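Just below is one structure, and these are the notes that go with it.
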Amino acid sequence: MENLGHLALLLAAAFAAGALNAVAGGGSFLTLPALVFTGVPPVVANATGTVALLPGYMAGAWGFKDDMAAPPGLSMKQVVVLSLIGGSAGAALLLFTPDATFRKVVPWLLLAATAMFAFGPQLRAWASRKTADTDAVPSIAKAAVGMLVVAIYGGYFNGGLGILLLALFGLLGQTQLNAMNGMKNLVSALLTAIAVVIYAVGGIVEWKQALIMMVAATLGGYLGARVARKIPAHIMRWGIVATGLVMAGLFFAKG
């Protein structure tokens, strides 16, 4: 960090990201661009931002511990194993991605994540309709492949992960929202934790920035959950969508 302006930007981005993740998701729309714009290489910025947001995922998983239930087609043990394998694979893939390549991929990933967030309700409704059309429990193979693919995505790039997980659980036949949110937080925490270990071993984490942002994100998560109750959900959602579009546009312009 070269100056106080950079420090203020990172603290503000992490605080806002923690608040967003506590109520709706989309925090990585803020942490990744903030780190890149302060001079951190894109691959390192992605890893560092993920480290900063890890405590929030862990807290969310603990908060839903009594509601968790594995989706149809998978046991809890299988979900845990697939999350760890997928998160490891995605993190390893990031290690071998050159900065120039990742810089070109980032705006497209941000656009995709923003679209998933914007159309998350429709995506989950579609998954529910698909489930209602059949009473059959999905095969273990199909459920496992779906879980693994989403976990790989999460280990590589965290944006939009929550929406993907909720859609997947709905498609597999899970209907209890608390159980779905509990599993979403558990899977996010698991794959992020193993990804962080791999990022650390690979030497792609800026620990000074990560630790400073971790404190701000944790504080933002606590306060955000309290304040957000006063903000209409549709305003919160479209504010996040607008942020994602702006950040993607800036990356396109910079790339």
Q) Say we look at segment 61-93 and pick out the residues that are open to solvent by less than 20 Å² (accessible area, probe 1.4 Å) and in a helix (DSSP H, G or I); which of these is nearest to ALA216 (Cα to Cα)? A) ALA61
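Given the criteria farther than 25 Å from LYS104 by Cα and not in a helix (DSSP H, G or I), does THR218 qualify? Spell out the reasoning first.
Details: farther than 25 Å from LYS104 by Cα: yes; not in a helix (DSSP H, G or I): no.
Taking the combined requirement at face value, the residue does not satisfy it.
Here are some residues: PHE251, PHE157, PHE169. Which one is surrounded by 15 or more Cβ atoms within 10 Å (Cβ to Cβ) and modelled with pLDDT under 85? Spell out how you get there, then give the answer.
On the way: PHE157 fails: modelled with pLDDT under 85; PHE169 fails: modelled with pLDDT under 85.
Matching residue, one of PHE251, PHE157, PHE169: PHE251.
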Q.
For the structure I just gave you, tell me whether GLY49 is within 21 Å of VAL196 (Cβ to Cβ), open to solvent by less than 40 Å² (accessible area, probe 1.4 Å) and either in contact with a Leu (Cβ under 6 Å, 6 or more places away or on another chain) or part of a helix (DSSP H, G or I) (or both).
A. yes
(Q) Quick check on LEU10: is it of a type outside the set (Val, Ile, Thr) and part of a helix (DSSP H, G or I)? (A) yes
Q: Might you check whether a residue that is at pLDDT 90 or above and surrounded by fewer than 17 Cβ atoms within 10 Å (Cβ to Cβ) occurs anywhere in segment 115-137?
A: no
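Determine if segment 27-34 includes at least one residue that is outside any helix (DSSP H, G or I) and open to solvent by less than 10 Å² (accessible area, probe 1.4 Å).
If we filter segment 27-34 for residues that are outside any helix (DSSP H, G or I), which is where we start, we get 27.
When the remaining residues are screened for being open to solvent by less than 10 Å² (accessible area, probe 1.4 Å), the result is 27.
Taking every residue of segment 27-34 in turn, at least one turns out to be outside any helix (DSSP H, G or I) and open to solvent by less than 10 Å² (accessible area, probe 1.4 Å).
The values are calculated or read from the model by the stated rules, or taken from the named source; none is laboratory data. Since this is a predicted model, take the numbers as computed values, not measurements. Because the Cβ atoms are built from the backbone with ideal geometry, glycine has one as well, and the counts that use them run over all protein chains shown. For the accessible areas, the whole protein counts, side chains as well, though only heavy atoms, and no ligand, DNA or RNA atoms are used. Shrake-Rupley method; radii C 1.70, N 1.55, O 1.52, S 1.80 Å.
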